[in-house]
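Below: the structure, in structure tokens.
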Amino acid sequence: MAEEKDKKNLLKISGYSSTAIEYILRKVNVGKIEDPDAHAVYTGPCGDTMEIFLVIEPDYKVIKEAKFQAVGCAGALTCGSALTEMIKGKTIEQAEEIDEEDVMNWLGGIPIQKIYCACLAKRTLRNAITEYRNKQN
Ligand code: FES
């Protein structure tokens, strides 16, 4: 597939690691969950928007499934994939401790300006967890 190869090259030139590129091309965790336990939509200062869906085990509050959708840049896509991968199997408390630097480190290299995209993913996740807690009370 020539197109995929071109895209890969451009992402590489921009400074995306091979993990980050794979996440974008394979659309890791991109999608929706019907009837999620937690959900949030957040638009960042750049104007890009992310939506996160979580399935949470009710006793220990462990995240069993996570998906996201984003209207945004390559950074939003790879950070959304990374964060949803990182939180599976974690409690909601552990998940909300993850910050943008953790996401960047997990990916092993994305352009430094894309820290804002990692922040978009972090804030969307934190909003989903807040929404979940509010529903419990
Ligand atoms: Fe908006 Fe990447 S520039 S999320």
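The values are calculated or read from the model by the stated rules, or taken from the named source; none is laboratory data. All of these numbers come straight from a predicted model, not from anything done at the bench. FYI the Cβ positions are ideal-geometry reconstructions off the backbone, even for glycines, and counts take in every protein chain you see. Accessible surface is based on the protein model in full, side chains and every heavy atom, while ligands, DNA and RNA are left aside. Shrake-Rupley method; radii C 1.70, N 1.55, O 1.52, S 1.80 Å.
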* Structure fact -> Put 62, 28 in order of accessible area, largest first, probe 1.4 Å, and you get 62, 28
* Asked: Using the beta-carbon distance between residue 9 and residue 85 and R0 = 22 Å, what value does 1/(1 + (r/R0)^6) give for FRET efficiency, to the nearest 0.05?
  -> 0.35
* To do: Under 27 Å Cα to Cα from residue 5, which lysines show up? Leave out anything in the same chain fewer than 8 places away.
  => 27, 67, 114
* Asked: In the neighborhood of residue 91, defined by Cβ-to-Cβ distances under 15 Å, what is the net charge if each Lys or Arg adds +1 and each Asp or Glu adds -1?
  -> -1
* Structure fact -> Rounded to the nearest 0.05, FRET efficiency between residue 18 and residue 49 (Cβ-Cβ, R0 22 Å) equals 0.20
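Evaluated at 37 °C with a viscosity of 0.692 mPa s, what Stokes-Einstein diffusion coefficient in µm²/s does the chain have when Rh comes from the Kirkwood expression over alpha-carbon pairs? Let's see the in-between values first.
On the way: Rh = 14.9 Å.
Taking Rh from Cα pairs, D becomes 220 µm²/s.
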* Structure fact -> With all protein chains in place and a 1.4 Å probe, residue 126 shows an accessible area in Å² (nearest 10) of 80 Å²
